Structures are given as structure tokens and as C-alpha cells.
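Visitor: Okay, here's the structure, questions in a sec.
Nothing in this text is a laboratory measurement; each read-out follows from the coordinates by a stated rule. Please read these numbers as outputs of a predicted model, since none were measured by experiment. Cβ: placed from backbone, ideal geometry, glycine included. Neighbour counts: every protein chain shown.
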Amino acid sequence: MVKMKILSYIEFITERANPNTIGSDLVLEGGAAGHMAHPFDDKSLTFGDFKKMVEAGLSGELNFEEDPTEKTDGQNIFATVKDGVTMFARNAGQLRNPIDLRGITDMFAAHPSESVRQTFTLAANDLASALSRLKPAQQEAIFNNGTSFMNMELIYSGNSNVINYDRDVIQFHGVKHTDGNGNIIGEDSRPARELAKILNDINAHIGKVFTIIPPQALMLRRHQDFSAKLPYFMNKIEALRSRYGLSDSDEVSRYHEMWWREEIDKSFPNLPQDVKEALLQRWAYNNKGAMDFRTMGKMIETLDMNKVKQYDKMDAGKKYKENIRPFEDLFLELGSEVLKNASNFLAASPDKEMQRLHNQIRTEADKIRLNGDEKQIAKVEAELDRLARIGGIESIIPSEGLVFKYNGKIYKLTGTFAAINQLMGIIKYGR
């Protein structure tokens, strides 16, 4: 029997999902921040957990451990203070060796986009000025002499992404604690509000360009059609749970593993069990080291090996998406419903921005249908179909989503943003 390391879904997908996962179209939060998980990303959650999240979301009570906050569509950066000097990090390496104001300025000096260059250099100057006004004891309490970093979003009216906020703000998210060697060992959202208040109290929160703000707390209301929407979503979860006879206490990882075993047995019924286990590792967990193709080729017939390679090249990514799609659609649709009943968004004119997004998606999608090439049209139609599954264009709101904490972990609900982000990429860049 061939020995191989078996990875669990819990090991495979944690709060920082692998961005190279087969078929993954997860949005990376950028730089050192890594990936913030949707609930459907975390396969260690149970079906019972899903039900609790659904009921809380529709009830307007996603405050399991703290109030939900808005997930904003800006540029990410980390900042700390070491020996009284403000330092910055944009990637994991800079968490180990942060750079000073001159360093961040030089880093973006040759950036091809003037608006991106302005975003980071102007914000860094305002941050350095504000944090220098803290007392040494305050700097130490929050930043631990350069080993704890404030994670923040830069929102600049001259450099909007999908959403136009018409404001110039630096929004604190929370502190990431490191071991001094760049490895994140913990996080805490409380210092974001505490530091924003300290800076406000000493009138250091308003810079030359940017205003420093705490996480934008969202106000959620109970869904106006709660009695219909709750069973609607619960039935979706029940259908997934019952497909393989699972219980509410079972982790969702069991569903995904059983789905892939079924798929592999159907597609390759005559392969040895060792090879099937290796394919499960490769396609479900992206663990290609479980058994390489050379070793596999010595265990099965050439014709079967060719079929495996063809599937690996042409079908595995599509099947990954097929496997995750019902969970993804469920939580994107839930996010859409929850966000429609939210208020206090960061956008200066939420209603106006919402209408702009609706009109832009309709107008630009029609242009691509008329003038785009076959590939562009197919991509637009696929994203419009996804948008329709989770609420349609009328469900688009002027926010990337919301962030909530459950059992000590941070999750996001993004609703329609994933679809409109992809659509805007096609509209702007043809891809």
C-alpha cells in the first residue's frame, strides 16, 4: 500500500484559504491581511452552525460576540509603532521587517497608477503624523514596540474600486499580533475602536487628506419577510445535510468528502482504492503531493492514466466549483437578504451610489453583449446568472459586505459583491 499524508478539510481550509486552490475565485483581502473567510469556506463549521448564522442574520442579530461591521472596498495596509517611529507593512515579509514612511513612499514611487500612489503615500503621511502624537505608553500598549500591527483600509475618493464612497478615510479594522518574526499569533478588534477614540480625543484623527475612523458599525433589522425567508434558507441547508444522511452536528467537511468520493467512484470505478484516495487528496484538498502522476502511472493502465490526466486538466476545476456552488449560493443569497436590511453604510450617499451601480451594471453588460467577443459575453452571462441566483441587480447595495465574529473566528457576508466585482473586472479590463 502506498503511504501518503492524508489532510483533513480542517487543515486544508482555515481562515486563510489557499488562493491557488483548484477552481477558487475567492477574493483576497490583499497584502499581509490574507483571506477573510466566508462561512462556506470554513469546512470545520457544522450544519448546525450554518443554521444559527442564518437565523441570526435574518433576525438582524449577527452580534454573537461583537457588533457586525461593514466590509469596505478600499486598499489594505498595516501600521505599527516601533521605538516611536511609525512603520508599515503591505505583505507578509514586511510584517517581519516593516518599512518606515520613506520606505512606503519609495515602494509606491514608481507605481504606474498615480491614484494608487497617492492613496498610499498621502495616507502614510497622515498616519505617521497622527500616531506620533500618541504618548509612548499608548504606543507601547497598542503596538508592543512594533510586533502588533493595526490592520486598516484606505478609502480615497480619487482611487475608488467598485464602490464610490466620496470620502477620504482610514478605517481601522483591528490589531494583528505577531511573534516578532512576521507570524500572526492572534488578533483583537477592540484596539481599533480604542485607538480611533484616543486620536479623536486629542484631535489627531483629521489629517491633511484622510480622517481616521473606527470600524463602521452596521445597523441590522429583522427581515421584513422573516417567516418566509427562515424556512426557505433552512430547507436549503436541510437538503444539503440530508443528501448524505448527515446530522446538524456533522462538520460540512463530511459532505464535501463524500461528494468527491461519489464523483471519483463514478468517473473512475475501476481504479485501485489507493489511487482513488490520492485523487481525493488532489482534487478535493489540492494536496498534489499525496501521490504524483509518475507513481500513479506505475499502478494503473496507460489508458486510465490518460483519462485521469485529462480530467485533472479539463474537469477538476469545474467540479470543484460544482461541489462548492450550493453552499456559496446559499451564503451569498443570505448576505444579499441581510444587507438589504442593513443601514449606516460608509458611502456618503448610499441611495445615490446604489442606483449608480444598478445602472452601470445594466448598461455595461448590454454593451458587452452587443460588442464583446464570445469569451467576454460568456463570462458576463455567467456572472449575471450568479447575480440572479442570489437576488438580482436590484439586490446590489453600496457595500462590499459585513463582518461578524462567531466562535472566535471572523467571517464575512458579501451578498452580491462577488458577482459585481467579477462583472466590473470584465467591464474594465475585458477579463
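Visitor: When only alpha-carbon atoms count, how far does segment 85-147 stretch along each of its three principal axes, as whole angstroms with the largest first?
Guide: In descending order, the Cα extents are 40, 24, 14 Å.
Visitor: Calculate the all-directions average of the projected area of segment 130-285's alpha-carbon convex hull, and give it in nm². Please report the intermediate quantities before stating the final value.
Guide: Details: hull surface 65.8 nm².
Mean orientational projected area (segment 130-285, Cα hull): 16.4 nm².
Visitor: Which one, Ile163, Ala192, Leu134, projects farthest toward the positive side of the charge dipole computed for segment 73-213 from Cβ point charges (K/R +1, D/E -1)?
Guide: Of the options given, the answer is Leu134.
Visitor: What size of dipole, in debye to the nearest 20, comes out for segment 73-213 about its Cα centre when the only charges are +1 on Lys and Arg C-beta atoms and -1 on Asp and Glu C-beta atoms? It would help to have the intermediate numbers written out before the result.
Guide: Working: 13 positive and 15 negative charges, 34 e Å.
So the magnitude is around 160 debye.
Visitor: Based only on Cα atoms, what mean projected area does the convex hull of the chain have, in nm²?
Guide: Numbers: hull surface 92.5 nm².
Average of the hull's projected areas for the chain equals 23.1 nm².
Visitor: Post the alpha-carbon centroid distance, segment 114-149 to segment 361-426, in whole angstrom.
Guide: A separation of 34 Å, based on Cα centres.
Visitor: Given 10 °C and 1.306 mPa s, how large is the Stokes-Einstein diffusion coefficient of segment 73-213 in µm²/s, with Rh as the Kirkwood radius over Cα pairs? Could you put the intermediate results ahead of the total?
Guide: Numbers: Rh = 14.9 Å.
My calculation gives 106 µm²/s for D.
Visitor: Shifting gears a bit: What's the ranking of 98-108, 143-153, 125-135 by average number of surrounding C-beta atoms within 10 Å, highest first?
Guide: Values: 98-108: 16.7, 143-153: 21.9, 125-135: 18.3.
Descending mean neighbour count gives 143-153, 125-135, 98-108.
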